[in-house]
Amino acid sequence: MTTAEVRKKFLDFFKNKDHVIFPSDSLIPFDKSVLFTSAGMNQFKPYFLGEKTDIKKATSCQKCLRTDDLDKVGKTAYHHTFFEMLGNFSFGDYFKKEAISFAWEFLTTELNIKEKDLWVSVYKDDDEAYSIWKDYIKVPEEKISKLGPDKNFWPANALQDGPNGPCGPCSEIFFDQGETIGCGKPSCSPACDCSRFVEVWNLVFTQFNRVGPNKLEPLPQKNIDTGMGLERIASVLQGKQSNFQIDIFFPIVERIWQIVGLEKKNQNSTQLVNAVADHIRAATFLIADGVYPSNEERGYVLRKIIRRAVSNINLLGYNKPCFYMLSNLVIKYMKDAYPEIEEKKDAILRIIQAEEEKFLDLLDQAHYYISTKQKLNAEELFYLYDTKGFPLEIIIDLAKKYNISLSLEGFDQLLIKQRELSKKKSMFDENIFAKSYFNFDTKTIFIGYDNFQSTVNIVHLLVDDIEKDFLNEKERGVIVLDKTPFYPESGGQLSDKGYIETKEGKFFVEEVKKIGDIILHSGFVEKGKIKKDEALAFLDVERRKALSRAHTATHLLQAALRKVLGETIMQQGSLVDVDRLHFDFTHPKALASAQLEEIQDLVNEFVLRADPVEKKIVSFEEAKKEKALAFFKDKYEKIVRLVSISDYSKELCGGSHLDNTSQVGLFIIISEFSISSGIRRIEALVGKEAYNYINKLSQQSKKVANFLKCNIDDISLAIEKIFLDLKNQKEHILSLEKELLAYIVNESLQAKKQIQEINFITVKLENKDYPLLFYFTDLIKQKLSNFFVFIISNFYDKQIFVCRASNDLVEKNIDCLRFLEQFKDRLSLKGGGRKELVQGIVLERKRNILFEVEECFKQFLNL
């Protein structure tokens, strides 16, 4: 049975049991307390909380990602970063008996697994579950294991260790691979840690509320949350000893073996290959869901996964870019279930390839970094391992290659600390079922798309999160209304500002936020007193219009970017401010001036076309069919707001917008720059800010033209003439400088010293920049071999240096990079370069620095 068939059978089975099939949620969870979706239940949090009640039973096949056991991936048969989790869920409907019965029926009837091959475990005090398995399902007692709270309670050890909140016992179903697998002991059972029993399904019975250590209270709504790893059950059905041998993994594994060209396979090489196969799946799906390699949070994890994979390939003896190509196989075997990965294929391949090539360059640097060391301590090891993304095996292998001693003492402690941080970010938040602090029965209805003012009712007044009956003059606080025209900060758009006015007072609204279904208006009482009463809420209309101009312009900018740079660019964030905006997007390099000009012209063309901006409410599925763009960091309900402009822009968006593109007025790009590796930002102005910007430039141009005594149209020509004159003068000065250096070189050659038959030269110059110092060393190279020269120059307010060695010395491992690395602290130097030439600055000036350089060089030769 193929993996695809198992997935379909599972969903169809529970659909026939009146469960609603939910599509997989994104790997980026709505819950901000965790980095990634790590279980099937994440998207059902509102149902578990009782915030949503439209369905009672659900089922899904969820994309998941976990990184807390990253080091185990590839080394065991079943650990993964990316995997699929089959699950069925009940929100106050059925409970243990039905959950157990459904699981047993599916495994034995739908999948035809023999009952004799299945074992189960229950929590040691869960007599109810034990009785259902024994008396109702008829599982023999000897095949039912009673396990402790570390194995069969969710969260693990929650009884004693917490956290407080919903929890409950769980029951697991195991597949017995037979007595020939594992420890071979007659007493072997699911309680044993050997590999004989494969856990295939975990049934969680959420029935208690923990209120303290070992203190449980019954929950009014009992829930079911189950999870079965798709890859794991597929390996059972396909008779494989490892997930890496199943139908959706094996072609990737085989392709890796072909690429690296290894004929002899051993345990170590197999583990490396398996990890690469796992990591390409994770990278493919993360990028498809909008994650991009960076040095922060999700992007950092993706970068680490890619670098571990590339390092593994390097350890297998292959050092050319190839990892990105494996994504084609992932897409081939997974596109039917997840069509989005094929839609974003070009972007996925391009992003992985760019990151892979960048890391291969870093690997070359790692060779040098380690080769220049005499010893690597725990902190340096951890820096290379965690920050640079080099697996420990790579570091150890390079250390052996360059005969560098390693100090692992303290490394494990640093690793444990980092794993704990990672685990906290990848596990469920301890308050995953906890309601918001603002647990009000009322909901705030937003009416601000068409109404800029409205008569409303004040239902709550808060000061420092404490409910109040009134707010006095000048007192700061938060107001909750039954309905509001104020748009809360959301989707990158800043909030509205304005006033809430009653018969007795006037409250200035500085900031508006939304928490759950409540909209909070933060500010202070400008005059009088504010009570819970009827009020008039009216916003700053000019601010709203300016925000709408910027927001609609953001959509126009994205449309222009996709047309000029290609549809593989993905939004990474945005800011919608008063007549100004910035837009972050994926792109591997800086945009050329011509590209920026084309993008700006295209946006202004959209503005001049005066296209209507259409806003309509549609189903999320309908919006997807219309290929509307959705920002990956946002989460969408079943019913969404679709903002469309002609045939070139279609986005899901809840923000405020114009009615016509002509209302943008004018669009000006003021900057474009990198905010992290592979992510660019464009900053732009619209409306009044754009007009003010152009007006300011016009005034400045008039001043410059007056200074240059030319027409505005001739400014460029006048400046070019000045620069040409300056260039000619600089060239003349440089020629004179070089003539002077030729005399100094001859003097330096006469003053050279012989140190172990090496021509050693030190020189101190005044007011010479790097190009002249390089020229000086070139002159020495023309007249001398077997030399090592070190030059200091006082250049303006800093002291710079250049060090150069002849090629014959470099071949003997007497090179400038090693010299700099060895003595940079003693000589207070900071710099870099190549083995034959380094440059930099002197951090702390010393009178006798050239003497110290000579002493260091003598010591260097004796190392």
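The values are calculated or read from the model by the stated rules, or taken from the named source; none is laboratory data. This one's a predicted model, so the numbers in the text were calculated from it and none came from an experiment. Positions of Cβ are backbone-derived with ideal geometry, glycine not excepted, and every protein chain shown enters the neighbour counts. To get the accessible areas, we keep the full protein, side chains included, count just its heavy atoms, and leave off ligands, DNA and RNA. Shrake-Rupley method; radii C 1.70, N 1.55, O 1.52, S 1.80 Å.
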Probe 1.4 Å, all chains present, heavy atoms only: Met41 accessible area in Å², nearest 10, is 0 Å²
Obtain the radius of gyration and the Kirkwood radius of the range 655-707 from its C-alpha atoms and give Rg over Rh. 1.14
So for the chain, taking the charge dipole from beta-carbon charges (+1 Lys/Arg, -1 Asp/Glu), which of Leu717, Leu392, Tyr487 sits furthest toward the positive end? Leu717
Between the range 563-601 and the range 79-117, how far is it from one alpha carbon centroid to the other, in angstrom? 47 Å
Of the accessible area of the range 691-774, with the probe set at 1.4 angstrom, what percent is carbon plus sulfur? 55 percent
Taking the alpha-carbon centre of each part, the distance from the range 127-205 to the range 755-778 in Å is 74 Å
What are the semi-axes of the equivalent ellipsoid of the range 720-832, taken as the square roots of 5 times the eigenvalues of the Cα gyration tensor, listed largest first and rounded to whole Å? 28, 18, 12
Diagonalise the Cα gyration tensor of the range 221-328 and give the resulting equivalent ellipsoid semi-axes, square root of 5 times each eigenvalue, largest first, whole Å. 26, 22, 11
Taking only the C-alpha atoms, wrap a convex hull around the range 578-685 and report its volume per residue in Å³ as a whole number. 119 Å³
Heavy atoms only, probe 1.4 Å: what % of the accessible area of the range 54-125 goes to carbon and sulfur, would you let me know? 46 percent
Given Gln839, Phe860, Asn706, which one lies farthest toward the positive end of the charge dipole of the chain, if we put +1 on the Cβ of every Lys and Arg and -1 on the Cβ of every Asp and Glu? Phe860
Normalised contact order of the range 464-579, rounded percent, pairs of Cα under 8 Å and 6 or more residues apart: 28 percent
Given the convex hull over the Cα atoms of the range 262-376, what projected area results after averaging over all orientations, in nm²? 8.5 nm²
What fraction of the DSSP beta bridges in the chain is antiparallel, stated in percent and rounded to the nearest 5? 85 percent
Enter the Cα centre distance for the pair the range 477-536 and the range 703-724, rounded to the nearest angstrom. 53 Å
Cα radius of gyration and Dmax for the chain (Å): 33.7, 103
Quick check: convex hull of the Cα atoms in the range 501-571, volume per residue, rounded to a whole Å³? 122 Å³
For the chain: accessible area per residue (Å², 1.4 Å): 48 Å²
Rg(Cα) / (2.2 N^0.38 Å) computed for the range 654-773, rounded to two decimals: 2.00
The chain: relative contact order in percent, alpha carbon pairs under 8 Å with at least 6 residues between: 7 percent
Distribution of pairwise C-alpha distances over the range 94-141, 5 Å bins, in %: 5, 20, 32, 26, 13, 3, 0
Which shape class applies to the range 813-863: rounded if a/c is under 1.5, otherwise prolate when a/b exceeds b/c and oblate if not, where a ≥ b ≥ c are the square roots of the Cα gyration tensor eigenvalues? oblate
Among Leu286, Val273, Leu316, whose Cα lies farthest out toward the positive end of the dipole of the range 273-320, if unit charges sit on the beta carbon of Lys, Arg (+1) and Asp, Glu (-1)? Leu316
Values of log10 I(q)/I(0), in the order q = 0.08, 0.15, 0.19, 0.21 Å⁻¹, for the range 58-200 under a Debye, Cα-only, solvent-free model: -0.24, -0.93, -1.49, -1.63
Using the Cα atoms as the points, what is the convex hull volume per residue of the range 281-331 in Å³? 71 Å³
Magnitude of the Cβ-charge dipole (Lys and Arg +1, Asp and Glu -1) of the chain about the Cα centre, nearest 20 debye, reported as 1380 debye
